[in-house]
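Some notes on the structure that comes next.
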Amino acid sequence: MKSIASVVLAMACLMLTSGEVAAQATTTTLELLSSANPSIVGQQVTFRALITGPSPFGTVQFADGAVNLGTPVTVFCVTSPCILTAAFLQTSTLTQGVHSIGATFNGDGVSASGALTQVVDAAVSAPALSAWVMVLLVLLISGAGMAFIPRPRC
């Protein structure tokens, strides 16, 4: 499994070689990504904000609707020269349902925002075993069930 940093770096290299960042360098933009969408209740999800622009230094505030998720996160450089920065937020507290996740970048007199829809499904529970199945499992595990199995003669 690739680390988040290696994925962001690969994306940055791809954007630089394709000329996408150079074309956007005069304006500041924010792209918001999720590490797992859909996710399940209790699963850790990492939200990544990628900011491009002529001077993308500042902070990103992540939010679930109108509710802030933590405190503002300081962005860090991904490329050199620094025209692509990133900020990350990890959470495992999202409840079941559809969430409107937003990220707002503020810095150096500019701002940008991005949003995504995060779907969180219910946690999957193991099916309950019937009482008879439980009795059979106990008998087999304890060896008591062995008395009922004919043994070959040697």
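The values are calculated or read from the model by the stated rules, or taken from the named source; none is laboratory data. Because the structure is predicted, anything quoted here is derived from the model rather than measured. Glycine gets a Cβ as well: all are built from the backbone with ideal geometry, and neighbour counts include every protein chain shown.
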Residues of segment 23-36 satisfying the condition of being modelled with pLDDT under 75 and surrounded by 13 or more Cβ atoms within 10 Å (Cβ to Cβ): Q24, A25
Filter result (exposed (fewer than 15 other Cβ atoms within 10 Å of the Cβ) and on the phi > 0 side of the Ramachandran plot) within segment 37-61: G42
Subset of segment 62-78 that is buried (at least 18 other Cβ atoms within 10 Å of the Cβ) and over 28 Å from A123 (Cα atoms) - its residue that is modelled with the lowest pLDDT: V78
